[in-house]
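Scroll down for the structure; my scribbles are underneath it.
Laboratory data are not the source of any read-out in this text; all were calculated from the coordinates shown. Bear in mind the structure is a predicted one, so any value in this text is a computation, not a measurement. Positions of Cβ are generated from backbone atoms using ideal geometry, with glycine treated the same way; all protein chains shown enter the neighbour counts.
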Amino acid sequence: MQKTSPMDRLLCGDVGFGKTEVALRAAFKCVADSKQCALLCPTTILAWQHYQTVCKRFEGYPIRIELLSRFRTAKQQKETIEKLKRGEVDLVVGTHRLVQKDVEFRDLGLAIIDEEQRFGVAQKERFKELCKNVDVLTLSATPIPRTLNMAMSGLRDMSVIEEAPRNRQPVQTYVLEHDDAVINEAIRKELRRGGQVFYLHNDVATIESCASRILEAVPEAKIAIGHGKMKEHELSEVWRMMIEQEVNVLVCTTIIETGVDLPNANTLIIENADRMGLSQLHQLRGRVGRSNRRAYAYLTFRKNKVLTEIQQKRLAAIREFTEFGSGFKIAMRDLELRGAGNIMGAQQHGHMESVGYDMYLKLLGEAVSEEKGEAAQSADLDCLIDISVNAHIPESYVESLTLRLDVYRRIADIRNKEDSLDVKDELKDRFGEIPESVLGLIDIALIRNCANAMGIYEIRQTDTNVLLFVKEIKSPKVIELLSRLNGRAMLSAGNKPYITIRCGGGSSLDMLKKVFKI
């Protein structure tokens, strides 16, 4: 925030690690500098909870705080919007209501987007339109693939909180077929130690019958229902009862997913977990285990249901990543499973198809270098190689499409012999013995680099010859190359000068390796 250029930073920290605390300190600094601050939340419950936290935290300071969500009447919302325009509000906490066209700020200094994975690209970009030339801080335990890819590509800054709060224990996670006996015992076990339970049934039409079924099986439970279609006052009353511990089992939808903080709730049961996304499951699991007590998460799916490969990988990942700091690993696995999305459009996952991946990275690298004020590499020094050679990464060697794209990028970045040896060591270590087709790809990368250095912009194979198209015939490196080939090559002048080399009986790749001393 002290820099002259506006901040656009992704803060990635596991659930309950203190992202909100960092955001509050940033907000305080912003307000202390006589600027306005906006905190954007995905749900009314989270906005209300943040509003309560902010009011309590900044009590005793002359900071004017307002809430803008459906928990406020239309009249109250209108008054808040007018105050924002006049600069009579220092810090506003709000939901999607903040990104609507009638909302204007007098002097906005910091925009905080909490749980960014819950917003669409259009909503985030609209919010940034409001926030031109202001600092933007984005918070997420599991950023969506597009955001993570942008951060890792250098298009955005990223910070990671890795250290867990003191005495915090990881959530014990079970993935199992739905079994009423196991689930009922899990509820009783939590109630016996005076805790509270989240029971996630993500279907509003049948949520009441689900609550009745639980009450019949566990009569000692004090049950409440919470979902997004309830009226504001009903939902806030349910939440108040959970906070005051008047209720010990909340049967709810995914409305609890983001940021909800109840230290006494330490058991989570999810029905049909196979229908949910990886980061969503991780966020939901983060609703429990927010104290020094051991917490439990039961992720269930329908009995005898055959899961798809992606569903199996998702549930395996959520079971595998239970230790602290796993949110970032889960986001990386999500990036692997779903693809990096499209920074040129609004697609937040999927693999780049409209432009080649190499071209996409090249364009992105040039744009990032330009923004940083660094000298970009000359675009014309990129030799096109069109020869008959088996050079690719087989699916049998690297199964994951995203990992294959990453390996292609690593090979494309090879600049010298040392780089190629590093890549070979890494591939052998990660994936085993390197196939000939991948070794061919590495050789091509080295040949391209040598050709670029000599001013050769294209290498093309004909029936028995290889043609090297050069920019400057009189270049010292081209003259040295011709003298070294000693009669085995023929120079053709003209508008597009080129050197012709006969392949002989061997392959064009082997011949080029000798020519460029690889």
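Okay, here's what the table says:
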{"quantity": "Cα-centre dipole for the range 18-140 with unit charges at Cβ (Lys and Arg positive, Asp and Glu negative), debye to 20", "calculated": "220 debye"}
{"quantity": "Ordering of 420-432, 183-195 by packing [mean C-beta count within 10 Å, highest first]", "calculated": "183-195, 420-432"}
{"quantity": "Peptide ranges 282-293, 80-91 listed from the most packed, as the mean C-beta count within 10 angstrom indicates", "calculated": "282-293, 80-91"}
{"quantity": "Mean Cα-pair separation over length for the range 18-140, i.e. relative contact order, pairs under 8 Å, 6 or more apart, %", "calculated": "33 percent"}
{"quantity": "For the range 421-427, 3J(HN,Hα) per residue [Karplus equation, 6.51 cos²θ - 1.76 cosθ + 1.60, θ = phi - 60°, Hz, x = Gly/Pro]", "calculated": "5, 4, 5, 4, 4, 5, 5"}
{"quantity": "Gain on full stretching of the segment that runs from D429 to N292 - 0.36 nm per residue minus C-alpha separation", "calculated": "45.4 nm"}
{"quantity": "Residues whose placed amide H lies under 5 Å from that of M7, excluding near-sequence neighbours", "calculated": "D135, V136"}
{"quantity": "Net dipole in debye of the range 172-323 [+1 Lys, Arg Cβ; -1 Asp, Glu Cβ; about Cα centre; nearest 20]", "calculated": "360 debye"}
{"quantity": "In order through the range 478-487: 3J(HN,Hα) via Karplus (6.51 cos²θ - 1.76 cosθ + 1.60), integer Hz, x for Gly, Pro", "calculated": "5, 4, 5, 5, 4, 5, 5, 6, 6, x"}
{"quantity": "Proximal charge balance of E237 [Cβ under 13 Å; K/R count +1, D/E count -1]", "calculated": "-2"}
{"quantity": "Against the rule of thumb 2.2 N^0.38 Å, how large the Cα Rg of the range 386-518 comes out", "calculated": "1.15"}
{"quantity": "In sequence order, calculated HN-Hα J values of the range 294-302 (Karplus, 6.51, -1.76, 1.60; Hz; x Gly/Pro)", "calculated": "5, 10, 10, 10, 10, 9, 10, 9, 4"}
{"quantity": "The range 164-260 - charge dipole about Cα centre, Lys and Arg +1 at Cβ, Asp and Glu -1, debye rounded to 20", "calculated": "460 debye"}
{"quantity": "Spherically averaged projected area of the range 172-323 from its Cα convex hull (nm²)", "calculated": "8.7 nm²"}
{"quantity": "Most to least packed among 477-487, 307-317 [average Cβ atoms within 10 Å]", "calculated": "307-317, 477-487"}
